[in-house]
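What follows is calculated from the coordinates using simple rules that are stated; it is not laboratory data. In this text, all values refer to a predicted model and were calculated from it rather than measured experimentally. Cβ atoms come from the backbone with ideal geometry, glycine included; neighbour counts cover every protein chain shown.
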């Protein structure tokens with residue numbers, strides 16, 4: 001009998017079941033298929049503009065910083081300005097995310113832009129977030145060719161671009177979007193939920209930023225909350241909000 | 001390292017109480033977590049309702065654990081990962097060693113994993129020629145001190161800043177001996193630089209898992225430092241160590257639990273890094289491990305199902321119970337002699353290593369109930385501590401003196417008439433002896449009078465006086 | 001809501017019975033002043049020492065006696081959150097699944113109360129006519145607080161005592177380290193806990209310590225005295241009943 005069989009048998013013995021009971025199987029299938037939402041705090045259900053304000057406040061509360069620009073084309077200028085303010089070299093690395101690639105980086109003549117995964121020598125990395133959660137000031141970044149995971153952790157300063165309309169109120173809206181992109185039960189290799197810069201309080205219980213991940217997290221919010229054609233996730237979001245309120 | 005010393009709890013506790021440096025360290029730490037949890041809970045009106053939701057999710061999952069394990073395994077495998085079951089720690093260690101050997105590993109980086117401590121993995125790997133480097137700063141500190149963790153969230157909470165300075169000087173000999181380490185930021189940077197090198201050169205990265213999601217086959221780690229993420233992203237193999245009760249059905253379900261976890265643990269809304277990992281790198285991924293393995297360890301968990309201790313399997317390892325425990329705050333985590341200290345440790349440890357090896361743990365509690373009050377998944381900890389005491393009583397594991405004292409008391413307590421007669425005599429006798437109103441010393445009560453005076457009875461018992469007054 | 005004239009069976013508690021009967025008489029006075037008739041059936045203990053030592057059989061035997069002894073009364077009132085908590089919240093555990101006893105146990109638990117909360121919550125007493133000149137601080141005993149929700153009630157009644165000033169201590173709701181058999185099984189740990197508590201008591205600036213549980217009070221009073229502090233300890237019932245001419249806990253009889 002394999003260890004797997006031994007463990008499962010022991011679990012079944014403890015629960016007093018055989019594992020073949022139809023009702024139990026149905027209950028599990030149903031829960032997995034429905035993935036029903038639980039309780040979503042009121043704070044996670046604000047209308048779009050308030051959501052963005054809350055998101056920025058929560059990022060700040062987690063020791064991150066944010067700025068807002070009107071259009072995506074303003075991002076390279078914003079990044080160059082930020083690096084100057086922080087007294088960092090005009091150099092950064094980004095992934096192949098098409099939204100980042102489409103930005104006019106070349107206009108920032110002094111800025112050296114590298115692409116691809118980080119080997120640890122970069123001082124600044126730029127990623128584009130898949131979405132964000134206003135409820136806790138959290139960014140959601142997905143692994144993939146567009147946004148290397150190493151860029152989220154190795155550079156000293158991490159700059160994350162997020163479209164205002166992609167800032168959801170709660171986590172649940174983003175799980176829905178994720179399922180729309182990858183299909184039911186499938187995931188990218190990694191989903192990073194990031195809330196502020198890295199920290200530790202392990203030395204004498206004093207909180208210090210910059211443990212192993214980035215010392216600094218800066219978020220650039222692009223555009224307006226209701227910009228352009230509303231993406232499908234927002235329709236789902238408002239349906240759920242309506243359902244939760246009734 | 002974590003070969004249990006729970007049977008020496010009393011001696012451990014005595015040493016802890018006499019250790020001035022330890023008392024200073026845990027004294028400074030104690031109030032912080034309590035206050036921050038209170039603030040975080042206060043800022044979220046839905047906090048208590050979320051605890052109910054979290055409890056319900058865990059209860060449902062445990063009742064269907066076999067099926068969720070199967071569903072989880074299917075999803076992991078479908079996305080290119082591998083699941084390995086281990087009945088006990090020995091099997092789990094062998095699986096990890098085998099995987100490391102297959103990867104040709106000379107060094108392994110580790111994210112903070114209490115399960116790996118439970119398995120005593122590091123010593124085993126070292127014995128087999130593989131260097132295991134702890135990368136969580138707290139775990140790194142205790143590794144260089146050759147100590148076990150004393151808290152499940154803050155493993156080095158028992159270490160003062162001065163002690164860290166001394167340890168860094170002792171171990172980081174490549175750096176100038178007279179360098180200034182007054183600032184904690186300096187020490188953090190020093191550790192960061194040393195460990196950055198280890199991250200980049202490790203062949204295998206081993207992490208734990210706060211949760212395993214059945215719907216997607218994902219493992220979740222919840223950290224603040226980013227070390228767990230570097231541990232699992234940079235090497236060519238990622239091994240996840242998890243016990244079977246970490247299962248949660250869906251992403252929505254895990255969101256309920258995440259909303260109460262960080263708030264209960266450190267008072268943060270969310271930890272800095274909450275990471276969901278699913279399988280190895282995909283075609284086109286610029287980084288990530290080529291192999292992803294999950295070791296699912298039982299080690300006594302399945303035996304808790306259908307027992308009075310089933311509810312303990314709801315635990316999400318937030319540490320709130322020990323933060324609020326007067327006993328833990330007095331003696332620290334090492335006194336408990338095993339990976340899991342405080343209230344949750346006192347319930348879980350006997351289930352893992354046997355009650356006969358952890359007799360003191362369920363008894364070293366005042367049943368103040370603060371643990372249950374703050375538990376995010378509402379585990380009835382005092383009730384389960386009492387259930388262990390019942391088992392000890394049935395198996396005659398309590399000391400003979402305690403048992404006979406209890407038997408004597410029970411004889412009288414079951415006979416109220418005899419009881420009131422005897423207590424009246426005793427009360428009047430002691431009252432006569434205790435003319436100054438209290439005893440500084442009293443035979444048979446030395447446990448009390450060692451540190452406190454003992455108030456003397458006023459005179460005849462209440463019942464005797466009442467009877468006398470009621471006589472016409 | 002109780003009508004005056006209801007019969008109360010007083011559950012004295014073994015510590016009050018043995019060590020400090022004046023608490024029992026204070027309880028009687030408070031209940032009689034609120035219009036109850038009070039009787040004291042023959043009793044020994046609620047069984048908590050056996051319960052917390054894992055001896056369920058003995059606990060059950062004691063519980064059956066207690067329930068039977070107190071059956072004739074409209075209410076069962078105890079001047080202790082710990083004992084009342086045992087009677088009210090833990091007795092049902094002893095009879096789980098026992099159909100023969102379930103109605104009797106439910107009836108018993110439904111009519112059992114801790115003293116101060118009985119006065120405020122059931123008898124709707126808002127003010128006791130007592131006087132106490134001095135500053136007091138109040139310790140929230142764990143069982144009373146967490147099993148029975150007692151926190152506001154004693155403070156409400158103390159607020160109406162003429163001459164009394166209440167000064168809250170920090171960590172009033174943190175355990176004092178008594179824990180029944182805990183304090184004699186693990187005396188050094190208990191001592192460390194009570195030492196923190198006496199620091200808080202002293203820092204409050206009060207000259208009298210009050211609580212609703214004699215076990216906690218004996219523990220804290222004993223430590224205060226060993227430390228040579230002048231703070232006196234009394235049971236809250238004694239202050240509420242205006243019966244403070246009795247020496248404080250651990251003080252010599254005159």
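Quick look at the numbers
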read-out: Packing rank of B:241-252, B:457-468, where each peptide gets the mean count of other beta carbons within 10 Å, highest leading; value: B:241-252, B:457-468
read-out: Peptide-level mean, for A:27-36, of C-beta atoms on other protein chains within 10 Å; value: 6
read-out: Against the rule of thumb 2.2 N^0.38 Å, how large the Cα Rg of segment B:20-99 comes out; value: 1.77
read-out: Rounded to 5, the percent of DSSP beta bridges in segment A:46-245 classed as antiparallel; value: 25 percent
read-out: In range of the label at residue B:440: residues from segment C:227-252 whose backbone nitrogen is under 17 Å from the point 7 Å along Cα→Cβ; value: C:227-230, C:250-252
read-out: Cα centroid of segment A:67-86 to Cα centroid of segment B:340-382, whole Å; value: 53 Å
read-out: Highest-first arrangement of A:212-224, B:138-150, A:41-53, A:102-114, where packing means the average Cβ count within 10 Å; value: A:212-224, B:138-150, A:41-53, A:102-114
read-out: In range of the label at residue B:303: residues from segment B:335-369 whose backbone nitrogen is under 16 Å from the point 7 Å along Cα→Cβ; value: B:347-359
read-out: Number of partner chain Cβ atoms within 10 Å, mean per residue of B:276-283; value: 6
read-out: Projected label distance in nm at residue C:131 and residue B:146, using a 7 Å step from Cα toward the beta-carbon; value: 7.1 nm
read-out: FRET efficiency estimate (nearest 0.05) - Cβ-Cβ, residue A:206 to residue B:468, R0 56 angstrom; value: 0.30
read-out: Counting all C-alpha pairs of segment A:1-157, share separated by more than 20 Å (%); value: 66 percent
read-out: Peptide A:107-119 - average C-beta neighbours from other chains (10 Å radius); value: 1
read-out: Bins of 20 Å, starting at 0 and running to the largest distance - Cα pair percent for chain B; value: 21, 51, 21, 7, 0
read-out: Fraction of antiparallel bridges per DSSP, segment B:6-302 only, in percent to nearest 5; value: 25 percent
read-out: Antiparallel bridges, percent of DSSP beta bridges restricted to the protein assembly as shown (to nearest 5); value: 25 percent
read-out: C-alpha long axis of helix C:187-204 to longest principal axis of chain C, angle in °; value: 60 degrees
read-out: 10 Å binning of all Cα-Cα separations within segment B:416-470, expressed as whole percents from 0 upward; value: 25, 44, 26, 6, 0
read-out: Residue with peak Gaussian network fluctuation, chain A [Cα springs, cutoff 10 Å], from A:201, A:60, A:72; value: A:201
read-out: Highest-fluctuation residue, A:135, A:21, A:30 considered, GNM on chain A with Cα pairs under 10 Å; value: A:21
read-out: Percent of alpha-carbon pairs separated by more than 34 Å within chain C; value: 15 percent
read-out: For segment A:46-245, convex hull of alpha carbons as volume per residue, Å³; value: 133 Å³
read-out: Chain C: relative contact order as a whole-number percent, Cα under 8 Å and 6+ apart; value: 19 percent
read-out: Cβ crowding within 10 Å averaged over residues, with B:18-27, B:53-62 ranked highest first; value: B:53-62, B:18-27
read-out: Degrees separating the helix A:171-182 axis from the principal Cα axis of chain A, which is the longest one; value: 90 degrees
read-out: Length-normalised contact order of segment C:80-141 in % [C-alpha pairs under 8 Å, at least 6 apart]; value: 36 percent
read-out: Evaluated at q = 0.04, 0.05, 0.08 Å⁻¹: base-10 log I(q)/I(0), Debye formula over Cα of the protein assembly as shown; value: -0.22, -0.34, -0.83
read-out: At R0 = 35 Å, FRET efficiency that the Cβ-Cβ distance of residue B:395 and residue C:102 yields, to 0.05; value: 0.70
read-out: Highest-fluctuation residue, A:15, A:154, A:209 considered, GNM on chain A with Cα pairs under 10 Å; value: A:15
read-out: Euclidean distance of C-alpha centroids, segment A:148-217 and segment B:1-50, integer Å; value: 29 Å
read-out: Full-stretch length increase - residue A:99, residue A:49 - with 0.36 nm per residue and alpha-carbon distance subtracted; value: 15.8 nm
read-out: Förster radius 22 Å - calculated FRET efficiency between residue C:93 and residue C:42, Cβ distance, rounded to 0.05; value: 0.30
read-out: The protein assembly as shown - mean residue ellipticity at 222 nm from DSSP helices (-39,500 (n - 2.57) per run, n ≥ 4, rounded to 500); value: -13000 deg cm²/dmol
read-out: Rg/Rg_globular for segment C:127-240, with Rg_globular taken as 2.2 N^0.38 Å and Rg from C-alpha atoms; value: 1.02
